[in-house]
1. Report the full-extension gain for the segment B:Trp134 to B:Leu415: residue separation times 0.36 nm, less the Cα-Cα distance, to one decimal in nm.
2. So if R0 is 60 Å, what FRET efficiency would B:Ala429 and A:Asp212 give, r being the distance between their Cβ atoms, rounded to the nearest 0.05?
3. Return a whole-number percent for the relative contact order of the range B:4-83, with Cα pairs under 8 Å and 6 or more residues apart as the contact set.
4. Taking +1 at the Cβ of each Lys and Arg and -1 at the Cβ of each Asp and Glu, which of A:Thr61, A:Gly106, A:Gly71 sits farthest along the dipole of the range A:50-118 towards its positive end, judged by Cα position relative to the Cα centre?
5. So what is the relative contact order for the range A:94-153, in percent, with contacts set as C-alpha pairs under 8 Å and at least six apart?
6. Take the Cβ-Cβ distance between B:Val441 and B:Asn268 as r, set R0 to 45 Å, and report the resulting FRET efficiency rounded to the nearest 0.05.
7. What size of dipole, in debye to the nearest 20, comes out for the protein assembly as shown about its Cα centre when the only charges are +1 on Lys and Arg C-beta atoms and -1 on Asp and Glu C-beta atoms?
8. Would you mind checking which residues have amide H under 5 Å from A:Thr233's amide H? H placed 1.01 Å from N; only 5 or more apart, or other chain.
Amino acid sequence: MTDDPILSVSGLEKTFGGITALDGVDLTVDQGITGLIGPNGAGKTTFFNCITGYLAPDGGTVEFQGDDVTGNRTPSIVREGLVRTFQIPRELENMTVRENLLLAPGGQSGEKLGRAWLRGGQFAEDERRSRREAAEMAAFFELDHLLDEPAGSLSGGQRKLLELARVLLTEPEMVLLDEPLAGVNPTLERKILERIHELESQGQTFLFVEHDIELIMEHCDHVVVMHQGQKLTEGPPSAVRSDQRVIDAYLGEEI
Amino acid sequence: MALADFAVSLLTFVAIYGLFALGLNLKFGFTGLIDFGHVAYFMIGGYVTAVLTMPAQVTGYDGLGGYALPELLAVVPGGDVLGWLLGVAGGMVAAALVSLLVGVPTLRLREDYLAITALGIATILNEVVRNETWLFNGPFGIRTVHQPASAAFPLGLGSFILNLVVFGGLSVLVIAYAGYRVGSYVKDVDTTGAALGLASVLVLGGSIGALTQGGPLLFVGVGLAVAGVAVLREAVRRSIEPERTLALVVALAAAAWYFLQPLLAASNPTVTLQTNVMFLFDPVAGPNGGLDYDRFFMLLSLAFLAGGYWWCQRTINSPYGRVLRAVRDDEDVPRALGKETFRYKIQALLFGSALAGAAGSLYTIHLGFISPDQFGAMITFFAFASVIIGGTANNAGVVLGTAVFWAINSGTQFLNDYFPSEYAVKLAAARLIFIGVLLIVILYYRPEGILGEQDYDIRLPGDEPAPSRDDTAAAPGGDADD
Ligand SMILES: Nc1ncnc2c1ncn2[C@@H]1O[C@H](COP(=O)(O)OP(=O)(O)OP(=O)(O)O)[C@@H](O)[C@H]1O
Ligand SMILES: [Mg+2]
């Protein structure tokens, strides 16, 4: 664990025509598992889009591991180690589950045109490594019997798993998870959370959007609440839960 | 004209346009780039190769060059061929460079904008070539296209017998191999289907034979052909695997047409049959017979096609090709995994355009003449039709689709002989309508094309003997090597 924040965002703004989706968000994320909650339309997904280069923010800065990455292009941000999952899973439906996974590992020499033509060098070695990692990841997410099926034939929950498996295969420093567990069955959900804790203990960082408040309470070190494009509050789970503004804006009557 | 000459010309065109369509398939089929301006690179390849290889100061030519590369290099043995190859390489590079200029601004556009922009740019390039006489002689074109190694043809090997044995034998081997391939593909067709298929083919072959004699037999022929089609339908319906029966029927029909028809129709059946069977051997070329330039050029074009096919397959069956397909399916996904998708799109565009450039070089030589009229937008759409008919994102399918397209397009020209000459224009239009209908039928019943998307397999050295060697370390059930 380091003392410097992994991600630090200040004054992030984004408007869509008349809608202000992000209205000056300031946020720092330390190593660990941080929960990001807030009502529908609070701007959580837009926040992810703006820090990972999918959308250009209208204002503010994003620093990742001390580098200013504001407005950088997605692939370069990903290669620095900041990846995200999509709230609505985006599988390559015509490609097999295996191929979907094989796209993820970074630095594959066979992905360069010259290497693809000449082969040689690290070509075979890299491909073997990717296949091994993909198979392991598929086995963990209980997708191994589906490796040769087109991803388009997966169920909704399986798509979520494939999305998560793919992102983890990039060996990221920090993962932005946009409701990764919605629609995943309870046993697998537990398994995934265990995996996340395990990766966290190895030094990875997670920022986790989830509407299941119990889950957030149980698994996050720190919780951030967004509301109407702004950070409403943040703190340890128990403090956030009893915060009156959070109850009014999001949780409703305390259970 | 013997059918062999027609077949040679058809195969040459199929090889050239096949190479062109492979380039388009790389852009459109595998990467999802809808390049409606593909013909521009065909044109550039053709012109640049022509200018690089033709002699300097030709009368009636006011454009750039020629740079006479084959003549310059002829001082070393084989240098003229090397010079010509450099000319082709120059055409490919020029095509790729122009596509880079087009691609850098347009590839950032949404795909439908790319299609429209590319169409516009191709039209503009064509107009520039047509109007700027200083460039490539404007509308008059180039009539002095260099033909590689043409001085060596007709190529004889000394005695007549030797020529007959070598070129004739080679032809027979090729036909036998084709028959073997078809046979092994069709082998386990249901016997009823096969028998019906054979019967229908005999009827069809007979009717075509009758057709080629013209006159009142025409009606008999048409009647027989209708009956043949009905039987064929039945054969396909009864067969366990309609594709194989269909392949058998098509192959046998082609064989009947090619080998039986001369016996029925020509004034000198044995000579025509000999020409058809020994299609590479021309008994009247040179003093002792031999290989004529058209045959040689067909082989050269087929060699280029084979090279392009191999090259495309190697590109696609690699992690690189995997990323290309990911870009095609949803560009955001490979981006979210750290791939520089823009670079992949540019490279696919460059490579596809270079293949189009090589095809353009061959095309120019084959016609011996090049002018802007030959490079209308139609050529691009013919290639799209070939790709869609044969199978988008299938390199073999694209070659097959090109063969089907040009067989229909050129084969139906024989029909001209049976109609009064004033119908020629209408027949040409009818041909396009027929191809259009075929395209609609294919898009409706088999949108993936005849062969559908190809299978992918990244072979790694040492994979076959121990397929699961690396799996020991992998998790259970994970089959890492396939
Ligand atoms: N591409 C877009 N174009 C226009 N408006 C958008 C776009 N993306 C988001 N918005 C608007 O921005 C606001 C924030 O949306 P966002 O998707 O970030 O919410 P969210 O917090 O992720 O909600 P949920 O919990 O439902 O996923 C919404 O009002 C939405 O309508
Ligand atoms: Mg959201």
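1. On the way: separation 281, 0.36 × 281 = 101.16 nm, distance 4.21 nm.
So the extension gain works out to 97.0 nm.
2. Values: r = 66 Å, r/R0 = 1.10.
Rounded to the nearest 0.05, the efficiency is 0.35.
3. 15 percent
4. Checked the options; the winner is A:Gly106.
5. Values: 47 pairs, mean separation 32.4, N = 60.
It rounds to 54 percent for the range A:94-153.
6. Values: r = 40 Å, r/R0 = 0.89.
Efficiency computed from Cβ-Cβ geometry: 0.65.
7. On the way: 48 positive and 79 negative charges, 683 e Å.
Roughly 3280 debye for the protein assembly as shown.
8. Long-range HN contacts for A:Thr233: A:Val225.
Each value in this text was obtained by applying a stated rule to the coordinates, not by laboratory testing. Because the structure is predicted, anything quoted here is derived from the model rather than measured. When we count neighbours, we look across all protein chains shown, and the Cβ atoms used for this are built from the backbone with ideal geometry, even at glycine.
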